[in-house]
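The values are calculated or read from the model by the stated rules, or taken from the named source; none is laboratory data. These numbers come from a predicted model, not from an experiment. Don't worry about glycine lacking a Cβ; one is built from the backbone with ideal geometry, like all the others, and counts go over all protein chains shown.
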């Protein structure tokens, strides 16, 4: 049987050795700052965050416990070079060591700028910075919302500037402007202002100002976070960003509707200067008055030119009235003259007596009868025509003559009945003045006027002595006709 080897090396259990290694590592290093690129980032439902830090030659695993996440300072992201502050510890179950991170920060401005540029390009590709999304700033807002710290000088500068230029109502939404949770508070404030309904208990702002004072790039990182950029781009209220000094530029400046170099400049963009507006209004009023006067003068000149081209209406009316008066005065005399001329024209006409016509017709018929008898006599005497005349009977010719004579006598009787001579034969008389004109009314006879009375058998001259009382008109006898 072999004798056991005697040695002075102590025996360790696995747990004892793991504990010794842990105490050695934690005692030798204590708190360390490790610089490297974040990789293998994993967030577990328990709230712990596991990651690795690497450089060109090595890699170390790290963990952020749940209770340290809210105080970490900057949330880790894959591909970003950061400086982790913590302590070295071990994980005995897997025989490995790890870095327990208590705080993270970016490894210089280069890493920050690279992160910001990558986010800017991604949001630019999404269209969040397009000019078409920009809204115009209202000319004179009634309510101005401000997202900033309530303790800094920024809110005082904004209040002073607005009170000096044009006093307006200001609603302050106080937020933390840097450090852990600042980005979430700023985004929540922007969304909160946008969620206010018009006409509610709290007035809805007409414009929102997101502002903070100057600082380092790390101090301004809250305004470069994606959550803030998306809230600013989605805001339906016109938004003015005023972060840092004039040379500072953050991503919220690209998403906002207007960028101001300073908070004071943001207040100047939000409200106009009352004095400048009053001067502009006075100048505009003067220009409007001058333009109106010019228009009136131009219209007055055009009217004067048109007036010179128009006729003298009052003079034309006076001439027309005078012409109407002249015509009205001449009209009665013209009517009298017209009747006189017509009377003279009628007096020159001679109407033959019906008897003359009848006698002329009878003489013509007798002449025709004599010519007919002579013709028949010559025919009887002509021997050459004796046989023909013997065969021709004068009866048809005589019948034709008798027919024509009857027609002529009928016409003569009708003409005789229509003649005024037949009326005179019944006892009437035709009264005419000295010129031969018929007198049809007693009113036209003047006392002492010479008259000529025509009866059926001749004329009698008479002189009018005066007007008798008008006799009562009697109805004409049934057998007495009218004179005319």
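Brief remarks follow.
- When residue 118 is tested against the conditions (1) surrounded by 14 or more Cβ atoms within 10 Å (Cβ to Cβ); (2) under 18 Å from residue 37 (Cα atoms); (3) out of contact with any helix residue (DSSP H, G or I) (no Cβ under 7 Å at 6 or more places or on another chain); (4) without any contact (Cβ under 8 Å) to a residue 40 or more places away in the chain, the lone failure is (1).
- Selection of strands (runs of 3 or more DSSP E) fully inside the range 140-229 by the criterion of at least 1 residues being buried (at least 17 other Cβ atoms within 10 Å of the Cβ), on the phi < 0 side of the Ramachandran plot and in contact (Cβ under 8 Å) with a residue 40 or more places away in the chain returns 143-148, 207-212.
- None of 436, 427 is touching a helix residue (DSSP H, G or I) at 6+ places or on another chain (Cβ under 7 Å), loosely packed, with under 10 Cβ neighbours inside 10 Å and modelled with pLDDT under 80 except 436.
- Matching residues in the range 432-462 - criterion: being assigned to a strand (DSSP E or B) and over 19 Å from residue 339 (Cβ atoms): 450, 451, 452, 453, 454, 455, 458, 459, 460, 461, 462
- The set of residues from the range 39-60 being touching a residue at least 12 places away in the same chain (Cβ under 8 Å) and part of a loop (DSSP other than H, G, I, E, B) comprises 46, 47, 48, 55.
- Selection from the range 124-139 of residues that are over 24 Å from residue 222 (Cβ atoms) and part of a helix (DSSP H, G or I): 131, 132
- Selection within the range 237-262 - in a loop (DSSP other than H, G, I, E, B) and surrounded by 24 or more Cβ atoms within 10 Å (Cβ to Cβ): 250, 251, 256
- Filtered residue count, the range 463-473, keeping only those that are at pLDDT 80 or above and surrounded by fewer than 12 Cβ atoms within 10 Å (Cβ to Cβ): 1
- For the range 69-112, filtered to residues that are part of a helix (DSSP H, G or I) and touching a strand residue (DSSP E or B) at 6+ places or on another chain (Cβ under 6 Å), the residue that is farthest from residue 182 (Cα to Cα) is 111.
- Selection over the range 18-34 of residues that are in contact with a strand residue (DSSP E or B) (Cβ under 7 Å, 6 or more places away or on another chain) and loosely packed, with under 13 Cβ neighbours inside 10 Å gives a count of 4.
- Meets criteria (at pLDDT 90 or above, assigned to a strand (DSSP E or B) and over 60 Å from the mean Cα position of the chain (by Cα)) for residue 63: yes
- Residue within the range 273-287 that is in a loop (DSSP other than H, G, I, E, B) and surrounded by 10 or more Cβ atoms within 10 Å (Cβ to Cβ) present: yes
- For residue 178, the stated conditions do not hold, so it cannot be described as closer than 17 Å to residue 256 by Cα and touching a strand residue (DSSP E or B) at 6+ places or on another chain (Cβ under 9 Å).
- Put simply, of 86, 47 the only residue that is closer than 23 Å to residue 19 by Cα, at pLDDT 85 or above and in contact with a helix residue (DSSP H, G or I) (Cβ under 9 Å, 6 or more places away or on another chain) is 86.
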